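Take a look at the structure set out below.
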Amino acid sequence: MRDLQPAPMPLRNPTPADRSGPDRLSLVVPMYNEEDNVLPLVAQVQAAMAASPWPWQLILVDDGSRDRTATRIREAVALCPDRIGAVILQRNFGQTAAMQAGIDVAEGNIIATMDGDLQNNPHDIVRMVRRLLDEDLDLLVGWRRDRQDNLWVRKVPSWCANRLIVAVTGVRLHDYGCSLKIFRTSVIRQVRLYGEMHRFIPTWMATVTSPERIREEPVSHFPRVHGQSKYGLSRTFRVLLDLLSMYFFARYRAAPGHFFGRIGLLCGFGGAVALGWLAWRKLMDGEDIANRPLLMLGILLAVIGVQFICTGIVTEMLARTYFESSGRRTYLVREVLGGGPGEGSAG
């Protein structure tokens, strides 16, 4: 399994990717209970990377597997230590955390991610990396046009989730769930992945780069041969919760008071209208309003409105404390061109 390509990249502590230097490629593959797929995957990757004009490395991440996946990964590293590195997690943290672990140790200025179930085709990677570099993109997402999965368990829920994500986020892609993605390391490291946010990576990337630098590419997809799928209908509810969290952080991270304030103003306005109308009927017509359900609804909306507005003020204070204490900025600079005023100039 050892190849003869030049300039190996051993796995070590990562350094900031240098966009001006020679291009280098890191392949990150999170795996969970995929013992029968490890060695075939390594063989496929090495065959596909024979056409790579860039130095490359393969990083296998064991996400606390309960079978012999970690053992198989160690065997693969022993067979080709100059090309293959591994990260063995202490327990199962989920695909997002495993993917982040691989990204954190990646050496290349270009990172490719893919699943470890042999359903992605490593031969698509070189073509996708070349397009990302030629078109100066920050993210290229795989699009499984001819997806080889169960219709009702995988394809229909995925189709619904993709349409919902596009409607909420505005980042128009056909296939958010495809793990075959190509990133610029300098951009993806500006985003930290938590929970199960891997399916929203394009949207998170759109918070640190222009959506115009995010594109998709049709890729191959194969049916699963070994192991069992870790996805099903049960993830639908988690997708909805993650979508709400992602929408909040993507749109209102720097101004959370706007999110809560809008809800508070809407509730408060509804409560004020209801109470005002009841007050009019009481004062002008002398009607008894004590037993009317609208009175309780108006009071409830007014109280909720005040609470949301106060929550918005508190979150604004927390956001300002976060940005000021951490030294983080509310903007990100891609590059600075031209000269500036010289140091020590006369005032």
For this session: Give me the distance in nm between label points sitting 7 Å out from Cα along the Cα-to-Cβ direction at residue 71 and residue 90, one decimal.
Result: 2.4 nm
For this session: Return the sequence-ordered ³J(HN,Hα) values of segment 93-106 in whole Hz as given by the Karplus equation 6.51 cos²θ - 1.76 cosθ + 1.60 applied to θ = phi - 60°, using x for Gly and Pro.
Result: 9, x, 4, 5, 5, 5, 5, 5, 4, x, 5, 5, 9, 5
Exercise. Got a sec to turn the phi values of segment 174-189 into Karplus ³J(HN,Hα) couplings, 6.51 cos²θ - 1.76 cosθ + 1.60 with θ = phi - 60°, whole Hz, x for Gly and Pro?
Worked result: 7, 9, 6, x, 6, 7, 7, 9, 10, 10, 7, 4, 4, 8, 5, 6
Exercise. Once the Cβ-Cβ distance between residue 44 and residue 317 is put in as r, and R0 is 35 Å, what FRET efficiency do you end up with, to the nearest 0.05?
Worked result: 0.10
Exercise. Out of 59, 39, 78, whose Cα points farthest toward the positive end of the dipole of segment 34-125 (charges: +1 Lys, Arg; -1 Asp, Glu; placed on Cβ)?
Worked result: 78
Seminar exercise, completed: In order over segment 281-292: 3J(HN,Hα) from phi, Karplus 6.51/-1.76/1.60, θ = phi - 60°, whole Hz, x for each Gly or Pro, gives 5, 6, 7, 8, 10, x, 6, 7, 10, 5, 9, 8
Exercise. For residue 59, which sequence-distant residues (separation of 5 or more, or a different chain) have an amide H within less than 5 Å of its own amide H, given hydrogens modelled in the peptide plane?
Worked result: 27, 28, 29, 85
Exercise. Say each of residue 310 and residue 168 gets a label point 7 Å from the Cα, pointing the same way as Cα to Cβ; how far apart are those two points in nm?
Worked result: 2.9 nm
Exercise. To the nearest 20 debye, what charge dipole does segment 178-217 have about its Cα centre, counting +1 at the Cβ of each Lys and Arg and -1 at the Cβ of each Asp and Glu?
Worked result: 160 debye
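Rounded to the nearest whole Å², what accessible area per residue is found for segment 20-132 with the 1.4 Å probe? It would help to have the intermediate numbers written out before the result.
Details: 3740 Å² over 113 residues.
Each residue of segment 20-132 exposes 33 Å² on average to a 1.4 Å probe.
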Exercise. Using a 1.4 Å probe on the protein chains only, how many percent of the accessible area of segment 20-67 belongs to carbon and sulfur?
Worked result: 50 percent
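The values are calculated or read from the model by the stated rules, or taken from the named source; none is laboratory data. Just so we're clear, the structure is a prediction, and the values are computed from it rather than from any experiment. Backbone-built Cβ (ideal geometry, glycine too); neighbour counts: all protein chains shown. What goes into the accessible areas is simple: the full protein's heavy atoms, side chains included, and nothing from ligands, DNA or RNA. Shrake-Rupley method; radii C 1.70, N 1.55, O 1.52, S 1.80 Å.
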